[in-house]
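For reference, the structure discussed in these notes is given below.
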Amino acid sequence: MHRLSSALTTQEWISDLFSARATANGVVVRRKKRDIERYVGMKELKGALRRRGFHPIENAGRIVIFCNQEPVRAIL
């Protein structure tokens with residue numbers, strides 16, 4: 001996929017994402033899937049999440065990232 005230019009490099013974008021207050025508190029952050037694909041790519045984000053032990057969930061064009069290493073379970 002064609003990536004748009006950004007003032008941030010891939011690593012800067014990922015660092016900025018994980019420097020959010022929610023990340024430090026182990027809560028959740030969400031980003032539009034479209035923006036992730038444009039600015040960093042899903043492959044790069046998945047690698048960063050895997051290294052941190054964080055869990056992503058996709059819904060309605062959004063990626064919700066649980067910024068902790070606890071298991072994620074769907075409750076139906």
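The values are calculated or read from the model by the stated rules, or taken from the named source; none is laboratory data. Because the structure is a prediction, the values reported are computed rather than measured. The area values use the complete protein model at the heavy-atom level, side chains included, leaving out ligands, DNA and RNA. Shrake-Rupley method; radii C 1.70, N 1.55, O 1.52, S 1.80 Å.
The share of accessible area on the chain that comes from carbon and sulfur is 50 percent, using a 1.4 angstrom probe. For the chain, the solvent-accessible area with a 1.4 angstrom probe is 73 square angstrom per residue. Remark on residue 62: its backbone amide H falls under 5 Å from those of 33, a criterion applied only to residues 5 or more positions apart or on other chains, H modelled at 1.01 Å from N. If one computes P(r) from the Cα atoms of the chain, what percent of pairs lie at distances over 14 Å? Taking all Cα-Cα pairs of the chain, the fraction more than 14 Å apart is 61 percent.
Here the 3J(HN,Hα) profile of segment 46-53, calculated from phi with Karplus coefficients 6.51, -1.76 and 1.60 at θ = phi - 60°, is 4, x, 5, 5, 4, 4, 8, x Hz, Gly and Pro shown as x.
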